[in-house]
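Working notes, structure below.
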Amino acid sequence: MAKRGRPRKPRLKLFAGEDEPRCPDWLDTVGKDEWQRVIFELRSMGILAKVDMTLIAAYCEAWAEFVELTGKIAKEGHTTHTPNGCVIQHPLVGAKNKASERLLKISKQFGISPLARSRIETQSNKKSDPLDDFISNAG
């Protein structure tokens with residue numbers, strides 16, 4: 001009997017490379033701190049490669065921007081007044097939300113969120129199953 005419904009998505013398999021990406025000089029202190037944290041986590045997950053430098057840098061830059069904007073909004077408030085006296089959302093709130101969206105999009109690429117992590121199968125946590133090996137080699 002044939003199975004019904006949508007076929008299961010294959011799990012993403014990532015393998016770490018030999019070289020670790022180097023932190024870009026242009027990241028600010030907050031971005032560099034996040035770089036070190038993320039590099040450590042990705043290395044321990046076994047999904048770090050030198051080719052990932054650009055994407056990790058973009059993530060760290062978005063994080064630094066998010067932190068800065070969050071601090072400014074905490075000081076200035078979520079609303080502001082127009083020259084006419086109307087209360088509007090502070091423009092920095094939109095910028096903070098954009099930084100947050102970038103963080104979420106990039107984090108999915110590296111398994112930085114619990115849901116994304118559940119979809120990544122790494123070399124370090126892959127157990128060899130003889131039946132899987134046979135099926136993949138038979139095709």
How many residues of the range 28-78 are within 21 Å of LYS108 (Cβ to Cβ) and outside any helix (DSSP H, G or I)? The answer is 4
Residues located in the range 17-59, provided they are surrounded by fewer than 17 Cβ atoms within 10 Å (Cβ to Cβ) and touching a Ser or Thr at 6+ places or on another chain (Cβ under 6 Å): GLY46
Scan the range 115-132 and tell me whether some residue there is outside any loop (DSSP other than H, G, I, E, B), modelled with pLDDT under 65 and exposed (fewer than 10 other Cβ atoms within 10 Å of the Cβ). yes
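The values are calculated or read from the model by the stated rules, or taken from the named source; none is laboratory data. These numbers come from a predicted model, not from an experiment. Ideal geometry is used to build each Cβ from the backbone, glycine not excepted, and the neighbour counts take in all protein chains shown.
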